[in-house]
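For reference, the structure is listed below as structure tokens.
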Amino acid sequence: LHDEHARVAIPGFYDGIVELSDRERQLWAELPFDEQSWLREAHSYATEGEAGHTTLERVWARPTAEVNGIGGGYQGPGSKTIIPSSALLKLSFRLVAGQDPDRIEKIVHAWAAERIPAGIRAEITFLPATRPCLTPLDHPGLQSLARAMGRAFEGPVRFTRSGGSGPAADLQDVLGAPVLFLGISVPSDGWHAPNEKVELDLLLKGVETSAYLWGDLAENWRHAP
């Protein structure tokens, strides 16, 4: 599934993706990221991924393909000398801007078909996919958000990217407008965990940012292309 450089080995997988700009890489390098602390929180011992990219770049901006489930054969106590008649493999693909789920499905089918040994019957089933979405750093709407957040928090604003499963790309297409994500939480909030929390001072800062944002959009959006 991957080559010696930890790149996805499916031909054409990276075609058309939106590459990181030098400006984005510079901004991310300035973030206070402690890789060892990050590994401890993830209960992992080492990073692994596409050569030529930092951990944050791999997590936020590079597409992935991973095996996240394998089943088949005898798995009970003791031993057996049988060869299983069937097996199951679960794959997931995280896509980035410039990749199309329908196209990825086609090239995965073609890639797998070339590697199935004679006498083996294989079936690949794809579940519904979420299209990738990206609002460029220089978009006027995102610049309005950065100014509003900087005003509320009284400091410079930095940017991240984040994966997820939502209709952002569809909203962009239908509305003809960018999707802006205003993040006012911190990693220790434990998103989607049983003890998820929110810090009230940050929540109020988010409300303040939203108030500033509408004014900034009203003042600057009419000049946007």
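Here are a few things to note about the model shown:
- Average Cα contact separation per residue, the chain, under 8 Å, 6 or more apart, as relative contact order %: 19
- Take every pair of alpha-carbon atoms less than 8 Å apart whose residues are at least six positions apart; their mean separation over the length of the range 62-188 yields a relative contact order of 20 percent.
- Cα gyration tensor category, rounded, prolate or oblate, for the range 1-160 with a/c compared to 1.5: prolate
- Degrees between helix 101-113 axis and first principal axis of the chain (Cα, 0 to 90, nearest 10): 20
- Net charge of the neighbourhood of Val179, taken over other residues with C-beta under 11 Å away and scored Lys/Arg +1, Asp/Glu -1, is -2.
- Label point distance in nm, Glu114-Ala129, each placed 7 Å from Cα along Cα→Cβ: 1.8
- Rounded to 10°, Cα long-axis angle of helix 200-220 versus longest principal axis of the chain: 70
- 222 nm mean residue ellipticity, helices alone, for the chain (DSSP H n ≥ 4; -39,500 (n - 2.57); rounded to 500): -10500 deg cm²/dmol
- Residue separation of Phe153 and Glu219 scaled by 0.36 nm, minus their Cα-Cα distance, works out to 21.7 nm of gained length.
- The local environment of Trp60, defined by Cβ-Cβ distances under 15 Å, has a net charge of +1 under the rule Lys, Arg +1 and Asp, Glu -1.
- Segment Leu1..Asn68, full-extension length gain: 22.9 nm, with 0.36 nm per residue of separation and the alpha-carbon distance subtracted.
- Over all orientations, the range 68-225 has a Cα convex hull whose mean projected area works out to 15.1 square nanometres.
- Of the solvent-accessible surface of the chain, computed with a 1.4 Å probe over protein heavy atoms with every protein chain present, carbon and sulfur atoms account for 55 percent.
- Legend: calculated FRET efficiency, Ser185 to Arg23, from the Cβ-Cβ distance at R0 = 22 Å, rounded to 0.05, equals 0.30.
The values are calculated or read from the model by the stated rules, or taken from the named source; none is laboratory data. Everything numeric in this text was worked out from a predicted model, so none of it was measured. Cβ coordinates were reconstructed from backbone atoms using ideal geometry, including for glycine residues, and neighbour counts include every protein chain displayed. Keep in mind that these areas ignore ligands, DNA and RNA; they rest on the heavy atoms of the full protein, side chains included. Shrake-Rupley method; radii C 1.70, N 1.55, O 1.52, S 1.80 Å.
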